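Worksheet: one structure, shown below.
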Amino acid sequence: MGQALGRDRLEALAGELRERRSRMQFSSRTAKLIDSGVPKMAQKLVEEAAEVAIDAVRGERQAVIEEAADLMFNLTVLLTELDIGPCEVWDEMDRRQKLYGIAEKLPKDR
């Protein structure tokens, strides 16, 4: 699956979340998560990241794929709540790639 398609899917998900948020039309789990506020959304994101890591250590490939999808969904929910579009994250990754030659984490100031 290409990078552009991945970007398009995240943008579409964010757009759907924004649209449904304006009309308060969500499935019960998504509505509950959004209604719980940013701290709970952040906690859920950490939980999903931990599940990805645990399944990776166990070598459970399919479980990693499934949990990574949950992680990306929950990240998109949180970003949408903070009014940050996935395109802004992609732009930052592109900026880093131009600076460092690859999309990587910025060095820490020590």
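Any read-out appearing in this document is the output of simple, stated calculations on the displayed coordinates, not a laboratory observation. Since this is a predicted model, take the numbers as computed values, not measurements. Cβ coordinates were reconstructed from backbone atoms using ideal geometry, including for glycine residues, and neighbour counts include every protein chain displayed.
Points worth noting:
- Residues ARG61, ARG7, sorted so that the one with the fewest Cβ neighbours within 10 Å comes first: ARG61, ARG7
- Anisotropy class of the stretch 3-100 from Cα gyration tensor, a/c 1.5 cut: oblate
- In order along the stretch 33-47, the Karplus-derived 3J(HN,Hα) couplings, from 6.51 cos²θ - 1.76 cosθ + 1.60 at θ = phi - 60°, round to 5, 5, 5, 6, x, 4, x, 5, 4, 5, 4, 5, 4, 5, 4 Hz, and Gly and Pro are given as x.
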